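One structure is given here, and the rest of the page talks about it.
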Amino acid sequence: MTTEYPTYAYTEDDARNLLARWVRLDNPDSYPFDHFHAHEYNEMLVFIQGGGHHNINFKQHQVKDNSIHLLAARDLHWLERSMHSRGFAIVYKDQFLHKLQMVHPDIDFHALCAHSRIINLDEAQVQQFQFIFGELMSGQKASAYLLQIIGALITKVAALDHREIAAEKIYDPLITTLIRLLEKHYKTLKTASEYAALLHLSTRTLHNRIRKASGMSLNELLQERVLKEAKKLLVTSAMNVGEIALELGFHETAHFTHWFKKQTGYLPSEYKYGS
């Protein structure tokens with residue numbers, strides 16, 4: 001039988017008050033998780049000194065010096081860091097990204113949350129981040145200053161991603177609203193017209209705005225979210241393939257099997273049991 005892995009939420013205090021939180025990673029008690037888990041929030045881990053391994057969505061990565069690990073909400077991970085590793089973790093709310101987006105409308109901050117990944121900084125980039133890393137590692141600061149430094153860090157990381165994004169993409173607050181709707185309804189609502197109705201837009205307008213802002217279609221965004229959940233359920237739940245198909249809104253197991261094979265190159269059973 002497979003195991004259901006825990007998903008950690010904000011504490012009541014964090015949910016009420018904090019836009020972002022900073023935690024050092026250079027002591028044994030600062031990151032106690034020793035098993036696969038997920039978070040309901042996005043997280044950024046920065047390793048100034050590496051060591052150990054980080055398993056993200058069942059793919060193992062070496063923890064290198066001067067690396068930034070971006071963890072999307074609800075992605076599974078398991079960090080086994082060496083005791084000599086040194087760095088910090090940043091947990092940030094969507095509201096914090098909204099504020100940064102208002103200040104820097106030319107940078108797509110919400111792309112940070114799109115998927116988990118690791119950025120290994122080169123020597124030139126390390127120099128660019130050196131002051132921010134130093135300020136965050138120097139000890140507790142007044143909360144207002146700490147938020148400014150965290151904001152500067154997130155902005156620089158987002159700018160690294162931004163350079164790889166096509167120039168014609170523009171920021172559109174509609175994407176934030178759409179992603180929330182997808183998160184709520186992706187198992188039951190499967191067409192652009194349904195989401196357009198929720199947003200009080202024509203289907204054509206919705207398509208155009210999504211394409212300009214993300215470079216993707218609504219269907220691609222939806223398929224990406226369903227696939228992420230399908231992989232998680234196949235590996236972590238005790239449900240069989242047919243039950244998972246129904247959970248994700250597929251009326252026929254054969255349809256789900258064909259779709260999953262097309263998306264990943266694997267049959268759901270192969271992915272689930274590793275055969």
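The values are calculated or read from the model by the stated rules, or taken from the named source; none is laboratory data. Please read all numbers here as calculations on a predicted model, not as lab measurements. So basically every Cβ, Gly included, is an ideal-geometry build from the backbone, and we count neighbours across all protein chains shown. Surface areas here come from the heavy atoms of the whole protein model, side chains and all, with no ligands, DNA or RNA. Shrake-Rupley method; radii C 1.70, N 1.55, O 1.52, S 1.80 Å.
Data for the structure
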{"read-out": "Cleavage-rule hits, GluC sites (Glu not before Pro), region 162-267, DSSP coil, Cβ neighbours within 10 Å at most 13", "value": "Glu164, Glu168, Glu252"}
{"read-out": "Gained length - Ser202 relative to Arg24, 0.36 nm times residue gap less alpha-carbon distance", "value": "59.3 nm"}
{"read-out": "Amide hydrogen neighbours beyond the local backbone of Asn42, cut-off 5 Å, H modeled", "value": "Ala73, Tyr92"}
{"read-out": "Under-5 Å amide H pairs with Leu201, H placed in peptide plane, nonlocal only", "value": "none"}
{"read-out": "Separation of the Ser217 and Ala73 label points, Cα + 7 Å toward Cβ, nm", "value": "2.7 nm"}
{"read-out": "Size descriptor, Kirkwood hydrodynamic radius, that averages inverse alpha-carbon separations across region 56-136, Å", "value": "14.6 Å"}
{"read-out": "Region 67-139 and region 214-240: distance between their alpha carbon centers, rounded to Å", "value": "24 Å"}
{"read-out": "Rounded percent of accessible protein surface that carbon and sulfur make up, the chain, 1.4 Å probe", "value": "53 percent"}
{"read-out": "Of Lys212/Lys262; Lys184/Lys232; Lys59/Lys261; Lys156/Lys228; Lys187/Lys272, pairs whose Cα-Cα distance is over 22 Å", "value": "Lys212/Lys262; Lys156/Lys228"}
{"read-out": "Gyration tensor verdict on the chain (Cα atoms; rounded if a/c is under 1.5, prolate if a/b is larger than b/c, oblate otherwise)", "value": "oblate"}
{"read-out": "Highest-MSF residue in the chain out of Leu227, Leu71, Leu246 [GNM, Cα springs under 10 Å]", "value": "Leu246"}
{"read-out": "Full-stretch length increase - Thr11, Leu227 - with 0.36 nm per residue and alpha-carbon distance subtracted", "value": "74.9 nm"}
{"read-out": "Solvent-accessible area per residue for the chain (1.4 angstrom probe, square angstrom)", "value": "52 Å²"}
{"read-out": "List Asp108, Asp172, ordered by accessible area with a 1.4 Å probe, largest first", "value": "Asp108, Asp172"}
{"read-out": "GNM top mover of Gly50, Gly151, Gly249 - the chain, alpha-carbon springs below 10 Å", "value": "Gly249"}
{"read-out": "Karplus (6.51, -1.76, 1.60) ³J(HN,Hα), θ = phi - 60°, over region 179-194, in Hz, Gly and Pro reported as x", "value": "4, 5, 5, 4, 4, 7, 10, 4, 7, 10, 9, 10, 10, 4, 5, 5"}
{"read-out": "222 nm mean residue ellipticity, helices alone, for the chain (DSSP H n ≥ 4; -39,500 (n - 2.57); rounded to 500)", "value": "-14500 deg cm²/dmol"}
{"read-out": "Residue among Thr205, Thr257, Thr176 with the largest mean-square fluctuation in a Gaussian network model of the chain, springs linking Cα atoms under 10 Å", "value": "Thr205"}
{"read-out": "Filtered chymotrypsin sites (Phe, Trp or Tyr not before Pro), region 173-275: DSSP coil and at most 16 other beta carbons within 10 Å", "value": "Tyr266"}
